[in-house]
1. Looking at the structure I just gave you, is residue 137 assigned to a helix (DSSP H, G or I), under 20 Å from residue 29 (Cβ atoms) and without any contact (Cβ under 8 Å) to a residue 40 or more places away in the chain?
2. Report yes if residue 254 is aliphatic (A, V, I, L, M), surrounded by fewer than 15 Cβ atoms within 10 Å (Cβ to Cβ) and part of a helix (DSSP H, G or I), otherwise no.
3. If you go through segment 272-296, how many residues are of a type in the set (Lys, Arg) and either at positive phi or not in a helix (DSSP H, G or I) (or both)?
4. Could you please find all residues in segment 342-353 being more than 36 Å from the chain's Cα centre (by Cα), in a helix (DSSP H, G or I) and among the hydrophobic types (A, V, I, L, M, F, W, C)?
5. Looking at residue 68, is it open to solvent by less than 30 Å² (accessible area, probe 1.4 Å), of a type in the set (A, V, I, L, M), under 21 Å from residue 106 (Cβ atoms) and without any contact (Cβ under 8 Å) to a residue 40 or more places away in the chain?
6. For the structure I just gave you, tell me whether residue 347 is modelled with pLDDT of 95 or more, within 23 Å of residue 375 (Cβ to Cβ) and basic (Lys, Arg).
7. Can you pull out the residues in segment 286-307 that are over 18 Å from residue 334 (Cβ atoms) and open to solvent by 30 Å² or more (accessible area, probe 1.4 Å)?
8. Answer yes or no: is there a residue in segment 74-90 that is of a type in the set (D, E, K, R), out of contact with any helix residue (DSSP H, G or I) (no Cβ under 9 Å at 6 or more places or on another chain) and in contact (Cβ under 8 Å) with a residue 24 or more places away in the chain.
Amino acid sequence: DMIRDASGKPEIKVMEKQLDEFLKSDASYAAKDFVCRELSVVGTEASVPVLSSMLTDEKVSDIARYALERIPGAAADEALQKALSKAEGNAKIGIINTLGVRGDKKAVEPLAKLINDANETVAVAAVAALGRIDDKSAIDVIAKAKDKATGAIKTAVLDAYLRCAERLAGKGEKAAAGAIYKQLYAASEPMPVRIAAARGMIVTAGDKTSEVIVEMLKSADKQIQTAAVATLKEVAKTDVIKAAAGEMSNLGAAQQVQLISALSDCGDKAALPAVVTSAKSTDAGVRIAALKAIGVLGDVPCVDILVAAATASVGEEQKAAQESLYRLKGADVDEAILKKLPEADAKAKVELVRSCEQRNIKASAAVLMKTAKDADAKVRIESIKALRAVAVPQDIPALIELQLAAAGNDRGELEKTVVAAAKKIQADKGQAQMVLAALPAAKDVDAKCSLLSVLGKIGDEAALPVLRESLGDKDDKIKD
């Protein structure tokens, strides 16, 4: 609290000096650890001498480095470099790590000498530290070590070289980064390194991105193909999309599924022709992926494709076709669905009717009123169900007319639809009014019973007098 309150004031220098003196005492490790943490926040070059004296002592080296790592200025760098030649064991490794974290360019030469150290852990730490230093000399050291190193040191060198390339790419030096990635993409390198390099080559390729993507999709290594597909969204320009989609037929089924998914994520319609072709694949997984992608990329001509797939398939494939039909964007798609519906065969009608409901096509009510009288029972039922979503109160008289003319299961479904439409009327605006108006014209007992049932489900108290009166009817069905 005292240090925080003194921050930015002259007395902070006095406090820093007191903390430095404290570190020279025989205080406990915990106390010195606390002091070093405070110095990491407020320490200056004035604290470097006492902290540097702790660097070679393995017992307190870590806490001293914690403070030095965060103290700006050349003095801290010089102290760490000086201690590097004297320290041993974990203290030495810790100093190496700190030099890397600080990105000390002057430390490149002493760190380079440690790559061949007899202690493998020291060598690995030195390589990792060089990979953190943003300087050409550090990159050159790592590049020279790449072909000579073995075992754990080789792994560290490759990781450090990748880190250098990433840093160059991040600074906009894509040509230099690409050159490193190309070296690491060599067939002689471990597959995890090649995969990382493949991604790097793609994102730094610039005008040649399409060529690089195609090259990798043509690779005999499926893991490289997967890496290229996974990177597609990062470089998703139309020419790249077209180039990648053009390689679809050259890929195995699993990679085709991955590519189709990536093309869908990119959202560029340039991929649509390849995706549509894939919907006819002999592999079910590819067809399902393609049908899902059509829902994102598709347009009006895709309505027929999706309806045909939904009627000809079952299970997951049918579900994919149906959901994509519901997802297709655009009012012109709604218009196309309504235009195709009257002339479609029964199976196609069922799918088109369902899409009217799922897409909530308000203009479909008039068409659905007609298909609710279709010769096919399934078309009728699906139409009646769809009307619950799209019908409005003004449609209630027409729905009641259908209800009274229907029989069996159709009438039961129409009752639910009339109730749903009535519920869309504000509660105090006469939800049951149109049903009550139709009741006197219902001469058939079953028709009357159907309307009475609807009144009960609507729950409008305006219907209560009629229901009470009907309790005295001579017909038992009506009483019930």
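1. No, not satisfied.
2. Yes: the conditions hold for residue 254.
3. Total meeting the criteria: 1.
4. The answer is 346, and nothing else.
5. yes
6. So residue 347 fits the description; yes.
7. Once the filter is applied, which keeps residues that are over 18 Å from residue 334 (Cβ atoms) and open to solvent by 30 Å² or more (accessible area, probe 1.4 Å), segment 286-307 yields 287, 292.
8. The answer is yes, given that some residue of segment 74-90 is of a type in the set (D, E, K, R), out of contact with any helix residue (DSSP H, G or I) (no Cβ under 9 Å at 6 or more places or on another chain) and in contact (Cβ under 8 Å) with a residue 24 or more places away in the chain.
The values are calculated or read from the model by the stated rules, or taken from the named source; none is laboratory data. Everything numeric in this text was worked out from a predicted model, so none of it was measured. Please note: Cβ atoms are built from the backbone with ideal geometry, for glycine as well, and neighbour counts cover all protein chains shown. In case anyone asks, the SASA skips ligands and DNA or RNA and just uses the protein heavy atoms, side chains included. Shrake-Rupley method; radii C 1.70, N 1.55, O 1.52, S 1.80 Å.
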